[in-house]
Amino acid sequence: MKAMKSPLVYSTISIACILSLGTIEPAISIWSLLLSLVLLKWFWWSETPAVIPFLFFLPFIEIHTTALQSAQESVSLEDIYKNGGTTFWLASLGLLFCAAGFKASTRSINWSPLRTKTKLASDAQEISQIKLGFSVILALAFSSFIDIAIPYGSRVEQLQYFVNGISSACVFSFFLHYMANNKGHVLFWSVFSIFLVSSFYSYFSSWRTPFFLLLITSMMRYKEIRTTQLLKATPVLVPMFLLVFLWQSVKGEYREFLSGGYQTQQIRVSQSEALNKFGELAQSAVESNSLFDDEVVEATYKRAGYLEYFSAAVTKVPEELPHESGKLLQQSLNFALVPRIINPNKGVKNDRAKVEKYTDFYFGANSFSSFSLGHYCEAYIDWGPYGMMIHLLIYGLLGGLLFRITIKRYNKLNSILVWGIVWVVMYPFGTFQQDMVTVAGRITWGAVCHLYLFSPIYNRLDKFIQSDTVIN
């Protein structure tokens, strides 16, 4: 794959590096910009869906948002978090090692099933948009059936998550098909609107996914990024930016409404009730001009960045608690990979207890929110600074191997659908804030399901979505 030509992006980052000399911590600012250039050079491929860049830029944002906060507020990372500077370098270098492992593992990959815009455009003409859209509906209906069939708290509840991945693969393929074919505008934007509105019926910020898919799939159209293309993306980027602050303004009250006031993440209201409530809260936030209050901006920085717990762990380990020498990793893999039917006594996943043990944060009886050290932090607790880098290098190597296996497994399917499967299989890999239990479980069992258990479904789907009339 050829790297995307993006002189505008590269020149903008170069200018930003010069301007960074005036920030309170120029070394951190310049390093952040240079690392973004490295990631773009390695993974931003010409005329290709930006799945792999997304996997690295999502953790990049989670790590480097605090550096942006430091530059914007003219305070050092040490002023934001104790040991914030040390933690930043550990996390950022860890991302570089992870990316290097992935890069090394995919250096000689066979791209023939996914080769650039020409292949995608050709394969898109072989697919019926109507049939692909209908497949999305069927997959969503199947997910709803599984949701009803498997009760909340069941031992096999995780199966629902992986079944939902089928609909996610179909939705990604639907977006990519539109970008490659550039036809059926009314149908596509109708589906996008429905997808966006319905995504607010969630305890988490699921509304980001439609925007992510729009941006990721649209990259297959471009050999390089120009000013005109950025201007065309404004109708997508501006609403997404505003929704970040809107969600941060209303999410506390909205989540409490969804749960019916219970200390749980289970939704106890109907979709219509939830969306009406969200509309009311959003209108109130806009009318009160509270979207960009200092409190909301500060909370947004903390939510987008994820160095708080990591910094607290660096402060406590190894000063108060010794490094675990792999004990955390062993426990995480045992919990994630050994089915409960084999080990019924493995207990319940408790991220809060782990956070409280390795940091000075204490949450009392509150279980209404989710907490996680993040698997980068856990790697530091296990191995220390140097061992953490080796750990993340291996993690990157395994991620690249999974990417290769996915492509090889489905190299005979239509490339539009292959990218949908790649998206679902690889998505859990691209995170900084998720703990290793979640990462290992979703990657491993997701690969088992989507590469083997669900392969008959994808093979039938590939045949079903074929257009009756193929245009040569």
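The values are calculated or read from the model by the stated rules, or taken from the named source; none is laboratory data. What you are looking at is a predicted structure, and each value in this text was computed from that prediction instead of being measured. So basically every Cβ, Gly included, is an ideal-geometry build from the backbone, and we count neighbours across all protein chains shown. Remember, those area values only see protein heavy atoms, side chains included, never the ligands or the DNA or RNA. Shrake-Rupley method; radii C 1.70, N 1.55, O 1.52, S 1.80 Å.
Structural remarks
- The sum of -39500 (n - 2.57) across all DSSP H runs of n ≥ 4, divided by the residue count of the chain, sets its helix-only mean residue ellipticity at 222 nm to -22000 deg cm²/dmol.
- Amide H contacts of W45: M4, each under 5 Å away and 5 or more positions distant or on a separate chain (H built 1.01 Å from N in the peptide plane; Pro and chain starts excluded).
- FRET E, pair Q72, E319, Förster distance 41 Å, beta-carbon r, rounded to 0.05: 0.85
- The portion of the accessible surface of the chain made up by carbon and sulfur, rounded to a whole percent, is 61 (1.4 Å probe; DNA, RNA and ligands excluded).
- Hz values of 3J(HN,Hα) by residue in region 378-389 - Karplus curve (6.51, -1.76, 1.60), Gly and Pro given as x: 4, 5, 5, 4, 5, 10, x, x, 6, x, 4, 5
- Calculation over all alpha carbon pairs of region 15-113 in 5 angstrom steps from 0 returns a P(r) of 2, 12, 22, 22, 16, 11, 8, 4, 2, 1, 0 percent.
- Spin-label pair K357-Q283: with each label point 7 Å from Cα along the Cα-Cβ axis, the two points sit 4.9 nm from one another.
- Bridging of K232 to lysines at a Cα separation below 28 Å is possible for K2, K5, K41, K117, K119, K183, K223, once same-chain residues fewer than 8 apart are set aside.
- Label-point separation, L34 to R404 (7 Å along Cα→Cβ), nm: 3.0
- Potential lengthening between I18 and E308 on full extension [0.36 nm per residue; Cα-Cα distance subtracted]: 101.6 nm
- Based on the reciprocal of the average 1/r between different C-alpha atoms, the Kirkwood radius for region 131-246 equals 15.8 Å.
- Mean-position separation - Cα centroids, region 301-356 and region 14-66, in angstrom: 28
- Positive-end residue, the chain charge dipole about Cα centroid, Cβ charges, pick of S284, W383, S135: S135
- Taking 19 Å as the straight-line reach from the Cα of K277, the aspartates and glutamates in range (excluding those fewer than 8 positions away in the same chain) are E253, E256, E287.
- Surrounding net charge for P322, when Lys and Arg each add one and Asp and Glu each subtract one, Cβ distance under 15 Å: -2
- Under 16 Å from K316, Cα to Cα: aspartates and glutamates that are on another chain or at least 8 residues apart: E78, E308, E324, E356, D360, E378, D382
- Above-threshold pairs, the threshold being 18 Å between Cα atoms, out of K327/K357; K131/K412; K131/K463; K251/K354: K131/K412; K251/K354
- Radius 11 Å from Cβ of I24, net charge of other residues (Lys, Arg +1; Asp, Glu -1): -4
- Prolate/oblate/rounded call for the chain, Cα gyration tensor, a/c under 1.5 rounded: rounded
- Extension gain from V186 to S206, taking 0.36 nm per residue of separation minus the Cα-Cα distance: 4.9 nm
- Relative contact order of the chain, pairs being alpha-carbon contacts under 8 Å that are 6 or more residues apart, as %: 27
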